[in-house]
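One structure below.
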Amino acid sequence: MTGLPVVVFDGLAYGMLLFLMSVGLAVTLGLMGLVNLAHGAFAAGGGYVAALAMSRAGVPFLLALPLAALAAAVGGVVLERLLFRRLYGRSPLDQVLFTVGLVYVWIAAATAAFGAGQQPADLPGFLQGQVDLGGVRVGLYRLVLIGLGVAVALALALGLERTRIGALVRASVEDAEMAGGVSIRVGRLFALTFTLGAGLAGLGGALAVPVLGLDPTFPLKYLAYFLIVVCMGGAGTVTGSFLAAAAVGLVDVAGKYYLPEIGAFAVYGLAVAALVWRPNGVLRA
Amino acid sequence: MSPPLLAVEGVTAGYGRATILDGIDLAIPEGGGLALLGRNGVGKTTLIRTLMGLTDRTAGRILWRGRDVAGLPAAERVRLGLGWVPQERRIFRTLSVQENLEVAARPGPWDLARVYALLPRLAERRANQGWQLSGGEQQLLALGRALMLNPDLLLLDEPLEGLAPVMVDVVLDAIRELAGTGLALVMVEQHAADALELTGHAVVMDRGRIVARAGSAALLADPARIVELTGL
């Protein structure tokens, strides 16, 4: 069992990536009931911006990260205004069909533009290697990912709980029609949160490249994981998404480590168990 | 002559293909009060929701100080001066009392201090979550929240429904005080006498149409006429 602490660290780090890439989807699903299966394309978009900026323009990794977040956020606001807003109020089937179509458009476009292969993205030297943490050697980059995930989760939770705009978002998530009835411009609020969610996905995608790799099928490859995080966490909740993402990361990594033949299915067992236990999310009895 | 605060001209509306309101005409002057009477299911709440822009309107105009606002969403109508206290209150249950009030805040004389002064029960419970309030307290919060919008016209949809008698008095006192400040009111109420006491005019609805119009005072003085018109 000497591998347990490492498995936990790797699982949590993976969970934090899933959290960053899927929290925007959870919030937009809660706010406007939008089932956006193309959300992973923002993560992939951020990943490509970072990978290409580093490999072709020599941009340092730490600068490539905000660049990726910004590019994904800009892509988010443009697509929200042009495409996604047309889906609000439509049936879930319409939303699913449309956004799955967008995933395939993304795959085709990314393949045509950048090729079907993996994008190279090496970590800078100062993020490589391991550190000793109470006698356990853990990957430094994994540690950074966990710290960043926790910091983003705290910032989002505080922003939602302690700021006026957070209260506007919570009111709109709870009752969008009534929110309009007290002068809240729910559409604009949605565009703002959509943009923030896309930006965070872009950041998560960029951070994921050195760990998960990146090719045009990325949004499809991880779609099931994003959906499991959102379903387990519950729509519209940051804390629920954080806990669900951590659990999914831990179970997925532990399952593949300890039960390599069937471990890939462990996360689906977790999802089924969680949905039977708490169908509306882990924080909602 | 300046246009009325709110004019409804030939409005037909409903939900999807179901038409509920049929050719509604009415006007409310600045500071005026209108009681909306009728049995359950005749379209009173649908009319309130239509004024807020929450139904499918198929004909007619809704004019706010002469400007056609029929195409505007609820948030923009509220920003022009409409305030809404919906049936069943619909407070934000996961927000605190104070947050419920703050999310509705618009510039004007009504602020937290003034709302708390009018409704001191809310001040006592400012830190409680919406779901922790009693039905009567939720109604006070729905009223206070609408006041934070600093409206020129307050739409009150059955504000006394389901309240304990002591709370009915608290809510009625507050509405009476508001009516005295010159705030225009549209009040839907099953208890016709309460609505008539607070308003200058009344309309009676039946099957989506306005079937009678009268002065509130005259109607209040003739209970038999109220029963004849409303069936209540």
Exercise for the section: Just give me the residues in region B:214-224 being in contact (Cβ under 8 Å) with a residue 60 or more places away in the chain and surrounded by fewer than 20 Cβ atoms within 10 Å (Cβ to Cβ), in sequence order. Expected result: none
Handout entry: Residue in region A:157-164 that is under 30 Å from B:LEU51 (Cα atoms) and within 14 Å of chain B (Cβ to nearest Cβ) present
Key = yes
Problem - Residues being outside any loop (DSSP other than H, G, I, E, B) and more than 7 Å from chain A (Cβ to nearest Cβ) - total across region B:94-112 - result: 6
Exercise for the section: With respect to A:PHE226, determine if the residue is aromatic (Phe, Trp, Tyr), within 14 Å of another protein chain (Cβ to nearest Cβ) and either farther than 25 Å from A:ALA247 by Cβ or in contact (Cβ under 8 Å) with a residue 60 or more places away in the chain (or both). Expected result: no
Problem - Which listed residue, of B:GLY53, B:GLY60, is over 12 Å from the mean Cα position of the chain (by Cα), on the phi > 0 side of the Ramachandran plot and without any contact (Cβ under 8 Å) to a residue 40 or more places away in the chain - result: B:GLY53
Exercise for the section: Among the residues of region A:169-182, write down those that are crowded, with 24+ Cβ neighbours inside 10 Å and at the interface with another protein chain (Cβ under 7 Å from one of its Cβ atoms). Expected result: A:ALA171, A:GLY181, A:VAL182
Problem - Number of positions in region B:65-76 that are away from chain A (no Cβ under 12 Å), crowded, with 16+ Cβ neighbours inside 10 Å and touching an Asp or Glu at 6+ places or on another chain (Cβ under 9 Å) - result: 1
Practice task
State whether one or more residues within region A:92-106 are within 18 Å of the chain's Cα centre (by Cα), of a type outside the set (Gly, Ala, Ser) and outside any helix (DSSP H, G or I).
Solution key: no
Fill in the blank from the handout: Of (1) buried (at least 18 other Cβ atoms within 10 Å of the Cβ); (2) at pLDDT 95 or above; (3) over 21 Å from B:ARG106 (Cα atoms), B:ARG61 satisfies every one except (1)
Completion exercise
Across (1) over 28 Å from B:GLY23 (Cβ atoms); (2) within 15 Å of the chain's Cα centre (by Cα); (3) among the aliphatic types (A, V, I, L, M), B:VAL166 clears everything bar (2)
Exercise for the section: Looking at (1) crowded, with 19+ Cβ neighbours inside 10 Å; (2) under 21 Å from A:GLY76 (Cβ atoms); (3) not small (Gly, Ala, Ser), find the lone condition where A:VAL105 falls short. Expected result: (1)
Handout entry: Residue among B:ARG79, B:ARG89 that is at the interface with chain A (Cβ under 10 Å from one of its Cβ atoms), out of contact with any strand residue (DSSP E or B) (no Cβ under 8 Å at 6 or more places or on another chain) and not in a loop (DSSP other than H, G, I, E, B)
Key = B:ARG79
Exercise for the section: Considering every residue within region A:45-57, establish whether at least one is over 20 Å from A:GLY204 (Cα atoms) and free of Cβ contacts under 8 Å to residues at least 60 places away in the same chain. Expected result: yes
Practice task
Look at A:LEU200 and say whether it is within 14 Å of another protein chain (Cβ to nearest Cβ), part of a helix (DSSP H, G or I) and not aromatic (Phe, Trp, Tyr).
Solution key: no
Practice task
Could you tell me whether region B:132-141 includes any residue that is within 13 Å of another protein chain (Cβ to nearest Cβ) and buried (at least 24 other Cβ atoms within 10 Å of the Cβ)?
Solution key: yes
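The values are calculated or read from the model by the stated rules, or taken from the named source; none is laboratory data. Note that this is a predicted model, so its numbers are computed, not measured. Cβ atoms come from the backbone with ideal geometry, glycine included; neighbour counts cover every protein chain shown.
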